[in-house]
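Trainee: Next up is a structure, given as structure tokens.
Readers should treat all values here as calculations from the given coordinates under stated rules, not as data from a laboratory. Here the structure is a predicted model, which is why all the values come from computation and not from measurement. Neighbour counts run over all protein chains shown; Cβ positions are idealised from the backbone, glycine included.
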């Protein structure tokens with residue numbers, strides 16, 4: 001994790017794509033967020049505090065995986081390389097992924113997961129609601145489908161934040177600590193990166209900063225109801241995920257996610 | 001009715017009757033995921049829509065359609081279309097009855113209307129009848145069940161746990 005990176009030579013995102021390539025690049029960012037968070041949520045199966053939560057987190061991950069498949073398929077259709085969803089998921093290296101740092105963070109305790117989910121689902125809910133008006137008809141259709149799913153994810157996380165925050169002293173303390181752990185990763189969700197800005201300009205996407213106030217208002221009201229406190233701004237923040245700059249944990253995540261496909265390229269079953 | 005017309009009617013009926021692989025008491029038509037069937041010579045074009053983005057049954061449903069069409073000596077072309085997004089409001093009365101008899105509480109109507117508006121439903125406060133004893137004295141155990149489309153509930157009168165098809 002670091003501040004801004006100084007590039008020696010040409011930075012990978014120095015040229016903002018246009019036309020179909022722009023739709024492809026934008027869908028790739030959204031798809032990578034969904035894919036990597038789906039991978040993290042899958043880690044909860046057999047690890048959650050109760051079997052119903054194994055199923056819930058698995059189901060939420062499955063929704064995100066479905067969204068990722070549709071988004072990566074759309075990206076591969078338009079980026080001119082002819083790659084399919086599996087090529088993009090399994091055969092790209094770390095620097096080619098465009099997800100934010102929030103979704104790649106290693107699994108913490110259950111309170112951490114609910115803190116991450118309550119923010120990410122609130123963000124995705126606003127994002128997909130806005131994208132139903134995208135000028136790309138496929139992206140608009142994916143968003144219209146996903147927004148209904150994310151409604152359930154957000155509700156699930158909110159119920160848990162309420163229960164843990166307004167629960168026992170132990171659950172309250174751990175939920176409060178979790179809100180502080182995720183804090184440095186939130187600003188990045190609302191950064192107007194080059195691809196999103198160009199996509200918003202073209203009517204394909206939405207400006208991430210335009211989602212900020214609605215998301216924060218939603219979570220802030222919930223946190224108050226849960227007798228918790230939104231932490232003050234942190235002294236550092238993540239950045240660079242949209243340029244392919246990731247945390248150390250990302251390499252380990254990709255190794256686990258990709259090794260079967262890479263060990264047996266082209267395998268079918 | 002000519003033989004050709006009869007064959008067309010038969011294959012269309014067979015596609016409409018393809019069962020959902022997860023809940024085989026309900027057909028894809030009654031579930032509302034079959035959008036259209038068109039017979040064009042040797043080709044049967046079928047449009048279906050997924051319940052959830054990540055529904056793992058879609059491949060099995062495509063294969064099921066392919067198999068019944070092949071049994072009629074024809075070839076299926078299945079198109080999976082996302083828009084308009086599926087809603088449980090597209091489930092037929094017959095489908096709802098079949099679910100209830102199978103022990104799954106059917107989805108409550110009006111989901112599509114609610115989802116289109118800006119106001120989210122409070123998903124926790126709803127009256128759902130137990131499909132076993134009919135009591136409305138039931139509570140939710142988990143919003144997420146054995147498949148994406150179902151939630152877990154229990155009856156506070158007959159004490160049986162049961163699944164509910166989530167309204168979406």
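Trainee: Return, ordered by residue number, the residues of the stretch B:1-33 whose backbone nitrogen is under 13 Å from a label point located 7 Å along Cα→Cβ of residue B:102.
Mentor: What the label zone holds, given the 13 Å backbone N cut-off, is B:18-33.
Trainee: In percent, how large is the relative contact order of chain A, given Cα pairs closer than 8 Å and 6 or more residues apart? Before the final figure, lay out the partial values.
Mentor: Details: 371 pairs, mean separation 68.4, N = 269.
Relative contact order of chain A: 25 percent.
Trainee: Sticking with this structure for a sec: Compute the relative contact order of the stretch B:3-80 as a whole-number percentage, counting only Cα pairs closer than 8 Å that sit 6 or more residues apart in sequence.
Mentor: Normalised by residue count, the contact order of the stretch B:3-80 is 30 percent.
Trainee: Quick one: which of A:54-61, A:214-221 comes out on top by average Cβ neighbours within 10 Å, and what's the full order, highest first? Present the calculation step by step, with values, prior to reporting the outcome.
Mentor: Working: A:54-61: 22.8, A:214-221: 15.9.
Ranking, from highest mean packing down: A:54-61, A:214-221.
Trainee: If packing is taken as the average count of other Cβ atoms within 10 Å, what order do A:230-242, A:108-120, B:17-29 fall into, highest mean first?
Mentor: Numbers: A:230-242: 16.3, A:108-120: 22.8, B:17-29: 18.6.
So the peptides A:230-242, A:108-120, B:17-29, ranked by packing, come out A:108-120, B:17-29, A:230-242.
Trainee: When DSSP beta bridges are limited to those with both residues in the protein assembly as shown, what percentage is antiparallel, rounded to the nearest 5?
Mentor: On the way: 16 of 24 bridges.
Of the beta bridges lying entirely in the protein assembly as shown, close to 65 percent run antiparallel.
Trainee: Another question about this same structure. So in chain B, what percent of DSSP beta bridges are antiparallel if you round to the nearest 5?
Mentor: Values: 16 of 24 bridges.
The antiparallel proportion sits near 65 percent.
Trainee: Please work out the Kirkwood hydrodynamic radius for the stretch A:208-269, using every pair of different C-alpha atoms, and report it in angstroms with one decimal place.
Mentor: Values: mean 1/r = 0.0628 Å⁻¹.
Computed over the stretch A:208-269, the radius equals 15.9 Å.
Trainee: Right, here's the next one. Kindly provide the Kirkwood hydrodynamic radius of the stretch A:129-185 in Å, to one decimal, from all pairs of distinct alpha carbon atoms. Present the calculation step by step, with values, prior to reporting the outcome.
Mentor: Working: mean 1/r = 0.0743 Å⁻¹.
One over the average 1/r among Cα pairs gives 13.5 Å for the stretch A:129-185.
Trainee: Could you tell me what fraction of 2.2 N^0.38 Å the Cα radius of gyration of chain A comes to, as a two-decimal ratio?
Mentor: 0.98
Trainee: Considering chain A as a Gaussian network with a 10 Å cut-off on Cα pairs, which listed residue, A:246, A:172, A:153, attains the greatest mean-square fluctuation?
Mentor: A:172
Trainee: If the viscosity is 0.890 mPa s and the temperature 25 °C, what Stokes-Einstein diffusion coefficient in µm²/s follows for the stretch B:3-80 when Rh is the Kirkwood radius over Cα pairs? Mind showing how you got there, number by number?
Mentor: Working: Rh = 12.4 Å.
Answer, rounded: 198 µm²/s.
Trainee: Across peptide B:52-62, what mean number of C-beta atoms from other chains lies inside 10 Å of a residue's C-beta?
Mentor: Working: counts 10, 16, 15, 3, 3, 0, 1, 0, 0, 0, 0.
Across the residues of B:52-62, the mean count of other-chain Cβ atoms within 10 Å is 4.
Trainee: Another one. Stokes-Einstein D for the stretch A:49-176 at 10 °C, 1.306 mPa s, Kirkwood Rh over Cα pairs, in µm²/s? Intermediate results must be reported in sequence, preceding the final value.
Mentor: Numbers: Rh = 16.2 Å.
Approximately 98 µm²/s, per Stokes-Einstein.
Trainee: Related question: If you average 1/r over all unlike Cα pairs in chain B and invert the result, what Kirkwood radius do you get in angstrom? Mind dumping the intermediate values first?
Mentor: Details: mean 1/r = 0.0582 Å⁻¹.
Result for chain B, one decimal place: 17.2 Å.
Trainee: Now for a separate question. How would you order A:252-260, A:40-48 from highest to lowest mean count of nearby Cβ atoms within 10 Å? Before the final figure, lay out each step's value.
Mentor: On the way: A:252-260: 14.6, A:40-48: 16.4.
The packing order, highest mean first, is A:40-48, A:252-260.
Trainee: Taking beta carbons within 10 Å but only from partner chains, what does the mean come to for residues B:144-156?
Mentor: Details: counts 14, 4, 2, 3, 8, 1, 2, 3, 3, 0, 0, 0, 0.
Mean partner-chain Cβ count within 10 Å for B:144-156: 3.
Trainee: What FRET efficiency comes out for the pair residue A:81/residue A:248, r = Cβ-Cβ distance, R0 = 30 Å, nearest 0.05? Let's see the in-between values first.
Mentor: On the way: r = 28 Å, r/R0 = 0.94.
That pair, residue A:81 with residue A:248, gives E of 0.60.
Trainee: A further question on this structure: Per residue of A:140-151, count partner chain C-beta atoms within 10 Å of its C-beta, then hand back the mean as an integer.
Mentor: Details: counts 2, 6, 4, 3, 6, 11, 4, 2, 13, 6, 0, 6.
Rounded to a whole number, the mean comes out at 5.
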